[in-house]
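The structure that follows is given in the form of structure tokens.
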Amino acid sequence: MTVTIKIRENGPFVVDGEFTLVDHNGNEVPIVKRALCRCGGSTMKPFCDSTHSKIGFQGASKAVEESDSGPSSPS
């Protein structure tokens, strides 16, 4: 079976399909939600608790766009 991980814009990773989540010791982690935290602010890591919307998280592509459009450095 195929697993698809969707990246929500400025939000979590959402996993579609059957999967197993394993910690650093190889122990299976019970699946509480299919949305995995990407912002680092969730109180229920590794799962998303919607903190991203409260802290104004911006995904990497948005951060790169803003960095690229900033003032250019002198040569």
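FYI, it's all coordinate maths here, none of it is from the lab. Given the structure is predicted, the values throughout are model-derived calculations rather than measurements. No Cβ is skipped: glycine too gets one built from the backbone with ideal geometry, and neighbour counts run over all protein chains shown.
How would you classify the stretch 4-52 from its alpha-carbon gyration tensor, with a ≥ b ≥ c the square roots of the eigenvalues: rounded for a/c under 1.5, else prolate if a/b is greater than b/c, otherwise oblate?
Here the stretch 4-52 falls in the oblate category.
Between Ile55 and Glu18, what is the FRET efficiency for a Förster distance of 22 Å, r being their Cβ-Cβ separation, to the nearest 0.05?
FRET efficiency, Ile55 to Glu18: 0.10.
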